[in-house]
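What follows is one structure encoded as structure tokens, with my remarks underneath.
Just so you know, all these numbers are worked out from the coordinates, no wet-lab data involved. None of the values given here were measured: they were computed from a predicted structure. Glycine gets a Cβ as well: all are built from the backbone with ideal geometry, and neighbour counts include every protein chain shown.
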Amino acid sequence: MVKKRASRATKRTSKAKAVKKRDGAHEAASAAIRRLDEEFMRAAAVGDGQALVDAFYASDAVLLPPNQPAAEGRENIRRVLQGLMDSGVSSIKLETTVTGTAGDLAYGRGRYTLSMEPPGGAPVTDVGKYVVVYRRQGGAWRAVADIFNSDQPAGG
């Protein structure tokens, strides 16, 4: 009976350590994701597609924008995002509300607010949601899959 109790206590201690380690890893990844969000918003605010892509995306990343084909690789992602910024984006706010991790993979889910002032057009605000999958590479987290879409009804 004493052996069983000791064995159960050892299992509980090991399980508690594993949970604590997992929770610590999750917190570190969550903080890294929020730092990446900040870098994304900073680069977008100054219209620097190259800085945005360099800070946020892995070299083999894919961007899945609404109403257009997937953009694979940093250069194609940069073209899509630079085009968006050049069309009059004045600001973007990212709010990652949910994160999760599993080893060297993590995800963030959230909502965005995008403000645009198109040349010769009325200001536009778009609100939507996104999911980003990250992979840890060389100690740094980088986006490998990014999809976003508007909450607005499709235009006709």
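Of the options 107, 71, 55, report the single residue whose Cα projects farthest towards the positive end of the charge dipole of segment 2-150 (beta-carbon charges: Lys, Arg +1; Asp, Glu -1). Going by the Cα projections, it comes out as 107.
Translational diffusion of segment 74-121, estimated by Stokes-Einstein from the Kirkwood radius over alpha carbon pairs at 10 °C in a medium of 1.306 mPa s, is 123 µm² per second.
Taking every alpha-carbon pair within the chain, the share separated by more than 20 Å comes to 55 percent.
Normalised by 2.2 N^0.38 Å, with N the number of residues, the alpha-carbon radius of gyration of segment 19-109 equals 1.18. Subtracting the Cα-Cα distance of residue 68 and residue 147 from their residue separation scaled by 0.36 nm leaves 27.3 nm. Relative contact order for segment 28-131: 21 percent, from Cα pairs under 8 Å spaced at least 6 residues apart, divided by residue count. Taking a ≥ b ≥ c as the square roots of the eigenvalues of the Cα gyration tensor of segment 81-156, is the shape rounded (a/c under 1.5), prolate (a/b larger than b/c) or oblate? Judged from the Cα gyration tensor, segment 81-156 comes out prolate (a/c at least 1.5, a/b above b/c). Estimate the FRET efficiency between residue 38 and residue 124 by the formula 1/(1 + (r/R0)^6), using the beta-carbon distance for r and 25 Å for R0, to the nearest 0.05. The computed FRET efficiency comes out at 0.55.
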